[in-house]
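Below is one structure, written out as structure tokens, with a few remarks after it.
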Amino acid sequence: LSPDDIYLTSGCVQAIEIMISVLAQPGANILLPRPGFPMYESRTTFSELEVRYFDLVPERGWEADLESVKAIADENTVAMLIINPSNPCGSVYSHDHLAQIAETAGELGILIIADEVYDHLAFGSKPFIPMGVFGKTVPVITLGAISKRWLVPGWRLGWIATCDPNGILKETKIDQSIQNYINITSDPATFIQGAVPQIIANTKEEYFNKILDLLRNSADLCYGKIKDIRGITCPHKPEGSMFVMAKLDLSFLDGFSDDIDFCCRLAKEESVIVLPEVLHWE
Ligand SMILES: *Cc1c(COP(=O)(O)O)cnc(C)c1O
């Protein structure tokens, strides 16, 4: 990558906002993973970009169901989204699976938006592999930020990185659209921009290892305790990001109307806060 491939944004949220706005053309659609990160749905709805969902398969470590991707894509599909390591599934994709995703997107002629805000937060057996390494197969637009890896969500510094050695984004003027958007919006605070080179160069391995240990221990604890609770199962042990995805079986739990009701009462009665997943999977 060269400096021309990087656009600084106010956190990963603004990177999402920019990419969805750039891709939202009349009649276009985008493929989002289910379960996913609700910000994408809110943004696409606001921009009137049509959303189509492909499933992540819990039994296969939350891998993308690429058959369903092929089934829902058409000539108006502009991109598919991959969140790796995953919020909310806690999964980390293998090199093989990322290669399959790239092949599929390449065949369909669509871009990949790779949300890697949890880059390097992989504490299981699989290493984190950036989607950008497949940029020769298909143009990849990577979204990132310092918020998660450095635990500074309030600092609001993120980026868009275009990984496209074949120059397809230039040809299709998508990189020009990104630049146009950047030109009419505000930049991240200058004193944080000024700190970035030092943040990247001088953060010690020790700091990252401590965070990874903490995340690994928390994930192990959660996964272990969930196993002992009737009505809640965790289909796949978390290997990355900061999330444990659990499945609620309401037939074991008397008097709850749905997952939102369960989450509200868990907060009230036990002071334990969990997020409901509004989308349900079979
Ligand atoms: C937290 C999060 C973001 C937003 O990151 P910020 O840098 O805080 O704006 C984007 N995508 C996913 C998947 C996230 O979990």
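The values are calculated or read from the model by the stated rules, or taken from the named source; none is laboratory data. Just so it is clear, the model here is predicted, and its values are computed rather than measured. Positions of Cβ are backbone-derived with ideal geometry, glycine not excepted, and every protein chain shown enters the neighbour counts. Please note that ligands, DNA and RNA were not included when accessible areas were found on the heavy atoms of the full protein model with its side chains. Shrake-Rupley method; radii C 1.70, N 1.55, O 1.52, S 1.80 Å.
Here is the list for the stretch 74-133: GluC sites (Glu not before Pro) lying in DSSP coil, each with at most 12 other C-beta atoms within 10 angstrom of its C-beta, are GLU75. Taking a sphere under 14 Å around the Cβ of GLY27 and counting the other residues whose Cβ falls inside, with K and R at +1 and D and E at -1, yields a net charge of -3.
Loop-resident trypsin sites (Lys or Arg not before Pro) (DSSP state other than H, G, I, E or B) in the stretch 152-212 with no more than 12 further Cβ atoms inside 10 Å of their Cβ: LYS173, LYS204. Once backbone amide H atoms are built at 1.01 Å from N, LEU111 has ALA79, MET80 as its partners under 5 Å, excluding neighbours fewer than 5 places away on the same chain. Sequence-ordered 3J(HN,Hα) estimates for the stretch 6-13 from the Karplus curve with 6.51, -1.76 and 1.60 and θ = phi - 60° stand at 10, 10, 7, 9, 7, x, 5, 4 Hz, glycine and proline given as x.
With K and R counted +1 and D and E -1, the other residues having a Cβ less than 14 Å from that of ALA99 yield a net charge of -2. The residues of the stretch 127-173 present an accessible area of 44 Å² per residue when probed at 1.4 Å with all protein chains retained. DSSP beta bridges confined to the chain are antiparallel in about 45 percent of cases. Each part gets one Cα centre, and for the stretch 187-217 versus the stretch 128-144 those centres are 22 Å apart. For the chain, the relative contact order works out to 21 percent when only alpha carbon pairs closer than 8 Å and six or more residues apart are counted. Restricting the stretch 211-244 to trypsin sites (Lys or Arg not before Pro) that sit in a DSSP loop and have at most 14 other Cβ atoms within 10 Å of their own Cβ leaves ARG230.
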